Amino acid sequence: MNRRRHNRQPRTVQDFVRAGVLRPVQPVSASGYTAYGTGRELRPTGAEAASLLRVMYGLGSTAGTIAFRFVPQFAGNDNATQRLFYGYVAANDRVRFFKDTANKIQCAITDGTDTASSLSAAQSWASGTVHYVVGRWTWAATADVNLDGTNATQGDASAVAAQTCDSIYVGHATTPAPTFVGPVIVSPTRKSDAWVAAIQASSGAAYQSIPRLVRDFVAVGDLLLPLVDNSTAYLRVV
């Protein structure tokens, strides 16, 4: 009998780990998690005031990109600050991704003195709706945000000195409204305009497939956080 081994294409995060493409990076700390299995799941209960995942991950001192799908459990016009993603240098937040009190999504970078922001138009979405966002920055140059496929005005960051973030926080820290986030891609590089257009195309259809995200959008050195069913972060190594 002629037996041939069929090469099965990776279909799950664990398949990519077994294939040596991804390496797990466990979170340092987390709160607001209720489900356990392959990892802690971002599923805040009504009693949880905050849901936060912290991962030690260096963003370098040149540029960065954060892209994710999120389901806000707050209205877009609630006139409140709602944190989504922050990058820290020690105890200082230097990359900020949030909805501000003017109901705009901001991608802001700061060196502690000067700050640059790119802001979306004011939002009026209903709680529980799905949205897709990409933020990009280049230290001492620019900051950009794209919400649901629409680019905002680019922020001038020429006065913002380069920073080297050593940890990232995904989710909420002190804000009361829980938000379901994921999958998330974090990169120490500024992704191209074509990359942004592709991942935002067709209402973020790429986020429906982890294999597609890994193959088409996650480069070596990038971090993938599934979060929808697994809170472990994964670094692409090959």
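Each residue of the stretch 99-113 in turn: what ³J(HN,Hα) in whole Hz from Karplus with 6.51, -1.76, 1.60 and θ = phi - 60°, glycine and Pro shown as x?
Using θ = phi - 60°, the values come out as 9, 8, 5, 8, 6, 10, 7, 10, 10, 10, 10, 8, 10, x, 10 Hz.
Shape call for the stretch 107-226 from the C-alpha gyration tensor, a ≥ b ≥ c root eigenvalues: rounded (a/c under 1.5), prolate (a/b greater than b/c) or oblate?
Judged from the Cα gyration tensor, the stretch 107-226 comes out rounded (a/c under 1.5).
Give me ARG96, ARG8 ranked fewest to most by other Cβ atoms within 10 Å of their Cβ, as a rough exposure proxy.
Numbers: ARG96 20, ARG8 8.
Result, fewest neighbours first: ARG8, ARG96.
Ordered by residue, what ³J(HN,Hα) values in Hz, to whole numbers, does the stretch 202-219 give under the Karplus form 6.51 cos²θ - 1.76 cosθ + 1.60, where θ = phi - 60° and Gly and Pro are x?
These are the phi-based 3J(HN,Hα) values: 6, 6, x, 4, 4, 6, 6, 9, 4, x, 5, 4, 5, 6, 9, 10, 9, 9 Hz.
For ALA233, list long-range residues whose amide hydrogen, built 1.01 Å from N in the peptide plane, is under 5 Å from its own amide hydrogen.
So ALA233 has HN proximity to VAL25.
Since every read-out is calculated from the coordinates, none of them should be taken as a lab result. A quick note: this is a predicted structure, and the numbers were derived from the prediction, not measured. Reconstructed Cβ throughout: ideal geometry from the backbone, glycine too, with neighbour counts over all protein chains shown.
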